[in-house]
Structure formats: C-alpha cells, structure tokens
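A.B. asks: Below you will find the structure I want to go over with you.
Quick note: the coordinates plus some simple rules give every number you see, no bench work behind them. Owing to the predicted nature of the structure, the values given are computational and were not obtained by experimental measurement. Neighbour counts are summed over all protein chains in view; Cβ atoms, including those assigned to glycine, are modelled from backbone coordinates with ideal geometry.
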Amino acid sequence: MTQTIRVDIVSAEAEIFSGEATMVVATGELGELGVTPRHAPLITRLKPGHVDVLLASGERQQFYVSGGILEVQPQVVTVLADTAARAADLDEAAALQAKKEAEEALANRSEAIEIGEAQAKLAEAMAQLQALERLRKNLKH
Amino acid sequence: MASGREIKTKIKSTQNMRKVTRALEMVSAAKIRRAQDLMKASRPYARSMRKVIAHVAQASTDFSHPFLTQRDHVARVGYIVVSTDRGLCGGLNSNLFRRLLPAIAEWQRQGVQVDVVAIGQKAIAFFRRLNGINLVGSVGHLGEKPKLEQLVGVIKVMMDSYTANGLDRVFLAYNDFINTMTQKPTVDALLPLPLAASELEALEEAGESAYAGIKLGQGHEWDYIYEPDAQAVLEHVMGRYIESVVYQASLENLASEHAARMVAMKSASDNANKVIDELTLVYNKARQAAITQEISEIVAGAAAV
C-alpha cells in the first residue's frame, strides 16, 4: 500500500479540494517544492502558480492559485489560497479608495441627502407624528 | 363612517402592500440558503488559519508580533462595523448600533478617541451623522455574494493604523447568525488577537488530526521550517487571518439580514392580512347599512303614499 497524505485546498470563499494524495507540488517563495507523506512541518508563502496534486490513483489534478500559504504537517498539507491577485500596491489602492469613500460620505453630509438617511429622517418624523396624534387623542378624552 | 368606495380603495392598497411584503419574504427565504452555504464554505479557511497562528504564537520562536501583544495604555480604539446595505430588515441594524453606542460613549468618557470603518450603506449613513467619532473608511454595496477583495481596503486602513501605533485596540461589530429566528448583535475583539490559553487548549482537545502524532508543548517542542523566515510568514498569515475573520463576519451579517427581513416581512404580511380582514368587515357592514337604509327609505316612502 502506498502512503498518502491528506490535502486540503481552501480559500476564504470556498473549499476547493480535499482528498488523499501521494505528492503535492507547489511553487513556494523560495522555489518549487514537492511534498510527500511524512514531510517535516513547514510553512511558506506561495507564489502565483500551479498546485499539482498527485492522487493515489495516479491521476494528476492541477489547481491555479494567485498566492497564499502552504502549511505542511506530517500527515496533512493545507493550501490557504488567496481569492484574487494580491499585491502591496493593489492593497494600498484599495485602502485609499475606502478612505476616499468615507471622506465623500462625510463631505456629502449636508448636500445631497442619501436615500438611507432620508428614510431614517422619515421614520423619525413619522414617530413624531404618531406621538402627536396620540397626544391629541388623549386631550380630546 | 367612510363610504364604500373609500374603504374599497384602502383594501386594494393594503392588498398591494401585502403582495410586496410577500414577495420580499419569499426572496429572502431563498437567499438565506445561499448565504448560509457561503458561510459554511468560508469556515475551513479561517479554521486552518487560526490553527497555524495558535501554533506559531506558542511555538519556540522568540518573536512577538504587534498583533499578538496587549497594550496597557489605550488612547485610541477602532471599530469595524458591518451592516446591511438595504433596510426593511426589522431592527437588525438598529439593534447593532444600539449595542455599540454605550461602548463608544464609554470610551469617549475615558478620553479615548474612536475610529470607525463602516461596511454597508446603513452603517455609513448612521456613523456619518454621529458626532465625536472619526469615520476613517467605508465600503458599501457588497451585493449578494460579497468578495473578499471588496473588504481589503477597509481592513487595511485599520490594520495599518494599528501597526503604526495609531490604534490600540480594534473591535469587530456584526450580527451573528444563530438561526432564522435569532440574530445576535456581536462585538468581538479583533486586535490584538485574543489567543487565550484556554482557546489553545480547546483547539488541541478538538483533536485536530494534524497534531495527533505531535504533542504541542510539553517537552516535545517542534517548530515549522519557515520559508523565507518566521516573521514574514507570520505577518502574512495574520493579515490574511484578520481579513478572513472580517469576511466571515460580513457573511454572517448577510445571512442575518435575509433572516431578519424574512421574519419582518412575514409579520408585515400577517398584519396586512389582519387589516384587510378588518376593512372587509367594515366594508360589508357599511354596505349592509346602506341597503338597510335604502329599504327603510322605500318602505317609509311607500307608507307615506
């Protein structure tokens, strides 16, 4: 019987693959590595590229990852794949965008009233009206 | 008493309302399933991440990361608030905000600055009207299938601020999906990572098969081979972990939104039914009264002749 190693490939959004394999080949930051059963514990960042899983049946399954982390335990290999291409400057741009959006939201405070805000105000006004009506009814009695 | 025609229009408009609330109810019921599936699909990632961090944090590496160290002095805190984009979901958002406000007020009383990043239109609309807090980042319109990339920006704003010593603590506020009837407004500590000893034990007890052969701690010290080095890997893992936690929260919130909307719309439909029943009764009475009056008028007229 050939030895196998459990392979889990997961991303934040979905479970991509889970099963037994005889070998896993991935592109680590320091170069390509092949992981076989009883490998020493290892953890590395992955470069964008293929993750090849050699199944016990001899079949070869290929997955593309745009980066991530590879964690190796003697009996388990876990690939924590990124969901999209990530780079420091891309993240930076996203952060700037988030800041800008907040600033815009604050700047628009007085000008164009956003629907959500208008609804909040409407609810407030309705509550006030209801309270007034109740008062009026009480006065009548 | 209102005339027959007036009541009829009222019944018609209530029926139309019921049509809308029923449709919304059914749409949400269908979407709950999908949101729950998304939630389940993203769990293994977070679990694996947590395992790795728990291990690295207690492994023999003598290295401490700002994300793991508690700061005694708190001068500024951050909140990541996850809300829905749309309304008509009962008290979901207001319950969450109501839970947050006392906490924020308490920080302010202590002279602590509060930064907020808002996820979802409702949180944006709420926090920009709130005085005394700094809205430092926001993202809205996540849609039915939120993507992690959509959240990267707001998360980075908070993490950068934390690493640069701007923030001393970061919290995550969202609605935890428990079941269709219950959603719990939750505020979790996000940074520094709450890796209490008890949690590590719980992880070990859960019998994570990967660790079965290797006892953690207790003399049998082992560590990963890090490529390229521990610090770089740990930093990477922790960044991704925080992202996955926030992402998971936004999914929980999405499921909560649909559940809350379904329940709210169901009770709205029920209320509409009740109103329609009452109005129909009033209408029938009015009609009967009109007929009776007409007959008595005819009879009186006949009698007079």
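A.B. asks: Any idea what angle helix A:115-140 forms with the longest principal axis of chain A, computed on alpha-carbon atoms, 0 to 90 degrees, nearest 10?
C.D. replies: 40
A.B. asks: Amide H of A:Ile16 versus every other amide H placed in the peptide plane: which residues, excluding those fewer than 5 positions away on the same chain, fall under 5 Å?
C.D. replies: A:Ile9, A:Val10, A:Ser11
A.B. asks: Rg (Å, one decimal) plus Dmax (Å, integer) for the alpha carbons of chain B?
C.D. replies: Every Cα atom of chain B included, Rg and Dmax give 28.5, 117 Å.
A.B. asks: Let me check I have the definition right: for chain A, take the eigenvalues of the Cα gyration tensor, multiply each by 5, take square roots. What are those semi-axes in whole Å, largest first?
C.D. replies: Gyration-tensor ellipsoid for chain A: 58, 21, 11 Å.
A.B. asks: Sequence-distant or interchain residues sharing an amide H contact under 5 Å with B:Thr180, placed H: which?
C.D. replies: Placed amide hydrogens put nothing under 5 Å from B:Thr180.
A.B. asks: Now, a different point. Taking the dipole about the Cα centre of the protein assembly as shown, with the C-beta of Lys and Arg at +1 and of Asp and Glu at -1, give me whichever of B:Thr280, B:Ser244, B:Leu101 is farthest to the positive side.
C.D. replies: Of the options given, the answer is B:Thr280.
A.B. asks: So, by mean Cβ neighbours within 10 angstrom, what's the order for A:20-26, A:71-77, B:67-73 with the highest one leading?
C.D. replies: Descending mean neighbour count gives A:71-77, A:20-26, B:67-73.
A.B. asks: Now a separate question. Counting only other chains, what is the mean number of Cβ atoms within 10 angstrom of the Cβ of each residue in peptide B:256-267?
C.D. replies: Taking all residues of B:256-267 together, the mean is 0.
A.B. asks: Another question, if that's okay. Once each part is reduced to its C-alpha centroid, what is the distance from region B:63-88 to region B:97-143 in angstrom?
C.D. replies: Cα centroid of region B:63-88 versus Cα centroid of region B:97-143: 12 Å apart.
A.B. asks: A further question follows. Relative to the Cα centre, what is the charge dipole magnitude of chain A, using +1 at the beta carbon of each Lys and Arg, -1 at the beta carbon of each Asp and Glu, and rounding to the nearest 20 debye?
C.D. replies: 760
A.B. asks: In addition: Using only alpha carbons, build the gyration tensor for the protein assembly as shown and give me the equivalent ellipsoid semi-axes, biggest first, whole Å.
C.D. replies: Those come to 57, 27, 18 Å.
A.B. asks: How many partner chain Cβ atoms sit within 10 Å of a residue's Cβ in peptide B:83-96, on average, as a whole number?
C.D. replies: So the per-residue partner count for this stretch is 1.
A.B. asks: On average, how many beta carbons from a partner chain sit within 10 Å of the beta carbon of a residue in B:144-150?
C.D. replies: The mean count of partner-chain Cβ atoms within 10 Å per residue comes to 3.
A.B. asks: Which listed residue (A:Gly68, A:Gln119, A:Leu96) has the Cα farthest towards the positive end of the charge dipole for chain A, taking +1 on Lys and Arg C-beta and -1 on Asp and Glu C-beta about the Cα centre?
C.D. replies: A:Gln119
A.B. asks: How big is the equivalent ellipsoid of region A:5-87 along its three axes, where each semi-axis is √(5λ) from the Cα gyration tensor, reported in whole Å from largest to smallest?
C.D. replies: 18, 14, 11
A.B. asks: Assigning unit charges at the beta carbon (Lys, Arg +1; Asp, Glu -1) and nothing else, what dipole magnitude in debye, to the nearest 20, does chain B show about its Cα centre?
C.D. replies: I would put it at about 1840 debye.
A.B. asks: May I pose another question? Quick check for me: using +1 on Lys/Arg Cβ and -1 on Asp/Glu Cβ, what's the dipole size of the protein assembly as shown about its Cα centre, in debye to the nearest 20?
C.D. replies: Dipole magnitude for the protein assembly as shown comes out near 2720 debye.
A.B. asks: Output the 0 to 90 degree angle, nearest 10, between the alpha-carbon long axis of helix B:230-304 and the longest principal axis computed from the alpha carbons of chain B.
C.D. replies: 10
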